[in-house]
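Here the structure comes first, spelled out in structure tokens, and everything after it is commentary.
Since every read-out is calculated from the coordinates, none of them should be taken as a lab result. The structure presented is a predicted model; accordingly, all values stated were derived computationally and were not measured. FYI the Cβ positions are ideal-geometry reconstructions off the backbone, even for glycines, and counts take in every protein chain you see.
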Amino acid sequence: MNAAKAFFGSTIGQKVVMAVTGLILFGFVLVHMAGNLQVYAGPTKLDEYGELLRKAPALLWGARLVLLGSALAHVWAMLSLTKVNMDARPTGYRVETYKKSDYASRTMRLTGITLGAFIVFHILHLTTGTVHPQFVEGAVHNNFVFGFQAPLVSGFYIVAMLCLGLHLYHGVWSMTQTLGLAHPKYDLLRHAAATAFAAIIVAGNISFPVAVLAGIVKPAAPVIAQATAPADATSVRE
Amino acid sequence: MSSGNGKTLNLTLEVWRQKGPKDPGKFVTYDAHGISTDMSFLEMLDVVNERLNEKGEEPIAFDHDCREGICGMCGLVINGRPHGPRGATTTCQLHMRSFKDGDTITIEPWRATAFPVLRDLVVDRSAFDRIIASGGFISVSTGNAQDANAIPVPKEAAELAMDAAACIGCGACVAACPNASAMLFVAAKVSHLGLLPQGQPERESRVTKMVAKMDAEGFGSCTNHRECEAACPKEIPVQFIARMNRDYLKASIFAGRREARAGDSA
């Protein structure tokens, strides 16, 4: 018990929490993006996918709890470490110059906070439909298309995804560093992999609102809207 | 000093002046004219101090010792860069030819809670000593010295250990880090012992104790900006930080889990 207290109380322990929860969330956004690519496979595909995800409510809610827990732990580690870091350098320099840090690494808090706000909006928008004027339970494809037809909403999605790209570009590499997954032989690979993952996720996700606004992805025939959802699944995953 | 190319510079210095640890401190502007490009940065400050002395003013306090880049005593933040604009260079090895005539140079002390300013540009780096004292050593029983070649060390491990051991403890990593983190310093010290056979018996306890001490001294955490690596006069790479993280994780998860047997005292 004392060992656990020491570990989670240490800056490295908290960084490990940040890295592990970040890895879970990163895995989720990758799968989430890949799943949504089905929107290009016709108007019924996404609805079927949504139904599939809701087939086992225990599994779905289990996954949601893990994600929620990860997000909360990620934020906890951020708050705790930010406090440590601010206390460690209360007086800054008059001249600030940077050599190896980059825009992504220096804006992790900003992009992270933006993503936090985005996640709340995203759930209210396409999961619960609270802020989606044309939301129909279970009609994943149409909710998706009608949702992105609003340019302001699409704009926010695109900005948020650019933030996600910056966050992952630094975060994925940083995660390998924190978990000690470093070896001189593979160091260039770590940067390349972080860049590639960030680029793939951003490109995939931004393609959705763009495809809708460009009219490439169109709403499905109205029949789709009556796809039945299980009574206990209160939400729809796009 | 040989004449070199015989050029001189007229510079303006913006120097942090602080009478003592409790003094709020302020920037003071000094004129530094006729500075030879062959001078080191510290020699330039010597000249400025000599002129201040002649005028009966208090000279600028700064740390220095060997002036050949190996002791780790000198260290100034010059135009926002610890040890100045050149890579792999300590302040004492930085020469005035790195500056242009008419330049304004801002000189600040290392900024970190764990490195309180004692006076002007001098900071107290004894936090580093306390981190070393907490575990940055190997325990050697006295007796006859072992035959030098009795313990084989892989060439690669020896080279890596030497890379880490190049750390002179100047604190530029802390000064450069936006979080004033000492991770590069501690990682170098943990690694240079942890890579060698002699460092194995205390490998787990060492990393645990040194990280705990580092945190207790009030250094920040690592956000992987790699500014430390850029500022390090010995070019110690952040891969050592990853290595320390790995050691710390292993030690935290596995250390002290030996199955107890009857009669054990510990």
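Tell me yes or no: at least one residue of region B:190-207 is facing another protein chain (nearest Cβ under 7 Å) and in contact with a helix residue (DSSP H, G or I) (Cβ under 8 Å, 6 or more places away or on another chain). Show your work before the answer.
Step one: of region B:190-207, the residues facing another protein chain (nearest Cβ under 7 Å) are none.
For region B:190-207, residues facing another protein chain (nearest Cβ under 7 Å) and in contact with a helix residue (DSSP H, G or I) (Cβ under 8 Å, 6 or more places away or on another chain): absent.
Among the residues in region A:197-206, are any within 14 Å of chain B (Cβ to nearest Cβ), crowded, with 18+ Cβ neighbours inside 10 Å and not aromatic (Phe, Trp, Tyr)? Before the answer, list the steps.
Quick first cut of region A:197-206, residues within 14 Å of chain B (Cβ to nearest Cβ) only: none.
The answer is no; no qualifying residue exists.
Exactly one condition in (1) farther than 17 Å from residue B:134 by Cα; (2) facing chain A (nearest Cβ under 9 Å); (3) without any contact (Cβ under 8 Å) to a residue 60 or more places away in the chain is not met by residue B:237; state its number.
Here residue B:237 meets the rest and fails (3).
Would you please name the residue that is surrounded by the fewest Cβ atoms within 10 Å (Cβ to Cβ), looking only at residues in region A:148-168 that are in contact (Cβ under 8 Å) with a residue 60 or more places away in the chain and either closer than 12 Å to residue A:205 by Cα or over 13 Å from the mean Cα position of the chain (by Cα) (or both)?
Once the filter is applied, the top-ranked residue is A:151.
The conditions are (1) free of Cβ contacts under 8 Å to residues at least 40 places away in the same chain; (2) in contact with an Asp or Glu (Cβ under 8 Å, 6 or more places away or on another chain); (3) crowded, with 16+ Cβ neighbours inside 10 Å, and residue B:18 fails exactly one of them. Which is it?
Just one mismatch for residue B:18, condition (1).
Within region A:177-203, count every residue that is under 25 Å from residue B:248 (Cα atoms) and touching a residue at least 24 places away in the same chain (Cβ under 8 Å).
Residues meeting the conditions: 3.
Name the helices (runs of 4 or more DSSP H) wholly inside region A:1-79 in which the number of residues that are more than 12 Å from every other protein chain (Cβ to nearest Cβ) and of a type in the set (Gly, Ala, Ser) is 2 or more.
Details: elements: A:2-9, A:11-36, A:45-53.
So the answer is A:11-36.
Looking only at region B:188-215, count every residue that is buried (at least 23 other Cβ atoms within 10 Å of the Cβ) and not in a helix (DSSP H, G or I) and tell me the total.
1
Right, residue B:159: under 15 Å from the mean Cα position of the chain (by Cα), surrounded by fewer than 17 Cβ atoms within 10 Å (Cβ to Cβ) and either of a type in the set (Lys, Arg) or within 13 Å of chain A (Cβ to nearest Cβ) (or both) or not? Full working, then the answer.
Working: under 15 Å from the mean Cα position of the chain (by Cα): no; surrounded by fewer than 17 Cβ atoms within 10 Å (Cβ to Cβ): yes; either of a type in the set (Lys, Arg) or within 13 Å of chain A (Cβ to nearest Cβ) (or both): yes.
In short, no.
Test each condition in (1) part of a loop (DSSP other than H, G, I, E, B); (2) in contact with a helix residue (DSSP H, G or I) (Cβ under 6 Å, 6 or more places away or on another chain); (3) of a type in the set (Gly, Ala, Ser) for residue B:134 and report the one that comes out false.
Of everything listed in (1) part of a loop (DSSP other than H, G, I, E, B); (2) in contact with a helix residue (DSSP H, G or I) (Cβ under 6 Å, 6 or more places away or on another chain); (3) of a type in the set (Gly, Ala, Ser), residue B:134 misses just condition (1).
For region B:1-60: of the residues being part of a strand (DSSP E or B) and among the aromatic types (Phe, Trp, Tyr), which is nearest to residue B:123 (Cα to Cα)? Walk me through how you get there before you give the answer.
First, pick out the residues of region B:1-60 that are part of a strand (DSSP E or B): B:8-17, B:26-36, B:40.
Keeping just the survivors that are among the aromatic types (Phe, Trp, Tyr) gives B:16, B:27, B:30.
Values: B:16: 12, B:27: 16, B:30: 21 Å.
Result: B:16.
Scan region A:122-181 for residues that are aromatic (Phe, Trp, Tyr) and within 14 Å of chain B (Cβ to nearest Cβ) and jot them down. Don't jump to the end; show me each part of the working.
Within region A:122-181, the first condition is being aromatic (Phe, Trp, Tyr), and the residues that meet it are A:135, A:144, A:146, A:148, A:156-157, A:169, A:173.
Within region A:122-181, A:169, A:173 meet the criteria.
Looking only at region B:118-149, count every residue that is of a type outside the set (Gly, Ala, Ser), surrounded by fewer than 22 Cβ atoms within 10 Å (Cβ to Cβ) and within 14 Å of chain A (Cβ to nearest Cβ) and tell me the total.
Selection size over region B:118-149: 0.
Within region B:216-228, take every residue that is assigned to a helix (DSSP H, G or I) and surrounded by 21 or more Cβ atoms within 10 Å (Cβ to Cβ) and give me the one that is farthest from the other protein chains (Cβ to nearest Cβ). Before the answer, list the steps.
From region B:216-228, those assigned to a helix (DSSP H, G or I) are B:216, B:227-228; that's our starting set.
Next, from what is left, pick out any that are surrounded by 21 or more Cβ atoms within 10 Å (Cβ to Cβ): B:227-228.
Values: B:227: 5, B:228: 9 Å.
Among those residues, the one meeting the criterion is B:228.
Mind listing just one residue for me: the one in region B:172-189 that is under 18 Å from residue A:101 (Cα atoms) and of a type in the set (Gly, Ala, Ser) and, of those, farthest from the other protein chains (Cβ to nearest Cβ)?
B:172
Scan region B:127-145 and report the pairs whose first residue is basic (Lys, Arg) and whose second residue is assigned to a helix (DSSP H, G or I), with Cβ atoms within less than 7 Å and a gap of 6+ or a chain change.
Correct list of pairs: B:130/B:213.
Report every pair of residues separated by at least 6 positions or lying on different chains whose Cβ atoms are under 6 Å apart, first residue within region B:201-230 and under 19 Å from residue A:17 (Cα atoms), second among the acidic types (Asp, Glu) and in a helix (DSSP H, G or I).
Final answer for the pair search is B:207/B:247.
What number of residues within region A:85-103 satisfy the criterion of being surrounded by fewer than 17 Cβ atoms within 10 Å (Cβ to Cβ) and either part of a loop (DSSP other than H, G, I, E, B) or more than 7 Å from chain B (Cβ to nearest Cβ) (or both)? Walk me through it before giving the result.
Quick first cut of region A:85-103, residues surrounded by fewer than 17 Cβ atoms within 10 Å (Cβ to Cβ) only: A:86-87, A:90-92, A:94-97, A:99-100, A:102-103.
Imposing the further condition that a residue be either part of a loop (DSSP other than H, G, I, E, B) or more than 7 Å from chain B (Cβ to nearest Cβ) (or both) reduces the set to A:86, A:90-92, A:94-97, A:99-100, A:102-103.
The qualifying residues number 12.
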